[in-house]
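The values are calculated or read from the model by the stated rules, or taken from the named source; none is laboratory data. It should be emphasised that the depicted structure is a prediction, and the values quoted were computed from it without experimental measurement. Cβ sites come from the backbone with ideal geometry, for glycine too, and all protein chains shown count toward neighbours. Keep in mind that these areas ignore ligands, DNA and RNA; they rest on the heavy atoms of the full protein, side chains included. Shrake-Rupley method; radii C 1.70, N 1.55, O 1.52, S 1.80 Å.
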Amino acid sequence: MPKFQFSKLVRDKIISQQLESGAKPHYRKLSDKDHINALLDKIVEETKEITHAKTEEIASEIADVQQAIDDLVEKYGLSKADIDQAQKTKTAKNGSFKKGIFVDWVEVNENDKWVDYYRNNPDRYPEVD
């Protein structure tokens, strides 16, 4: 019987479906901390799948991302209203992503308030010449 590595969070009914088909899954229930990390990994995984999806599959892939986000919201004890308010606050302050504005790099004065932030996050904002 062939064996395939998963190493990922799956939807709740997958194990019973595998068992019903005669498969022998090796699985475990994650701790809260590991569950949160697995949900974050799932969001990245499912987001990558959107880029390879056919047009008719896009809604299904976005649904997977949304499910992981909804489960993460619940795991943190937040409500939809909490998220909606945070989104409204951020949109009012910084706008949305609708216009498709992409920053390649930014040059800032040495005394700019953002310099320390950028330098403290070199994995996200590497300093370039």
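Put a dot 7 Å past the Cα of Ala59, heading toward its Cβ, do the same for Glu107, and the two dots end up 4.9 nm apart. For Gln18 and Tyr117, a Förster radius of 30 Å and the Cβ-Cβ distance give a FRET efficiency of 0.05, rounded to the nearest 0.05. Ligands, DNA and RNA left out, the accessible area of segment 1-66 computed with a 1.4 Å probe is 56% carbon and sulfur. In this simple spin-label model, placing a label point 7 Å from the Cα along the Cα-to-Cβ direction at both Thr47 and Gln66 gives a separation of 1.8 nm.
Could you order the peptides 25-37, 100-112, 56-68 from most to least packed, using the average number of other C-beta atoms within 10 Å per residue? Please list the in-between numbers first.
Values: 25-37: 10.4, 100-112: 7.1, 56-68: 13.8.
Ranked by mean Cβ neighbours within 10 Å, highest first: 56-68, 25-37, 100-112.
Helix 32-52 and the longest principal axis of the C-alpha atoms of the chain enclose an angle of approximately 80°. Cross-link pairs exceeding 23 Å in C-alpha to C-alpha distance, out of Lys42/Lys80; Lys29/Lys80; Lys13/Lys75, comprise Lys29/Lys80.
Viscosity 1.002 mPa s, temperature 20 °C: Stokes-Einstein D of the chain from its Kirkwood Cα radius, in µm² per second? All intermediate terms of the calculation are to be shown ahead of the outcome.
Numbers: Rh = 18.8 Å.
D, rounded to a whole number, is 114 µm²/s.
How many Å² of accessible area per residue for segment 1-111, probe 1.4 Å?
Details: 10090 Å² over 111 residues.
Per residue, segment 1-111 has 91 Å² of solvent-accessible surface.
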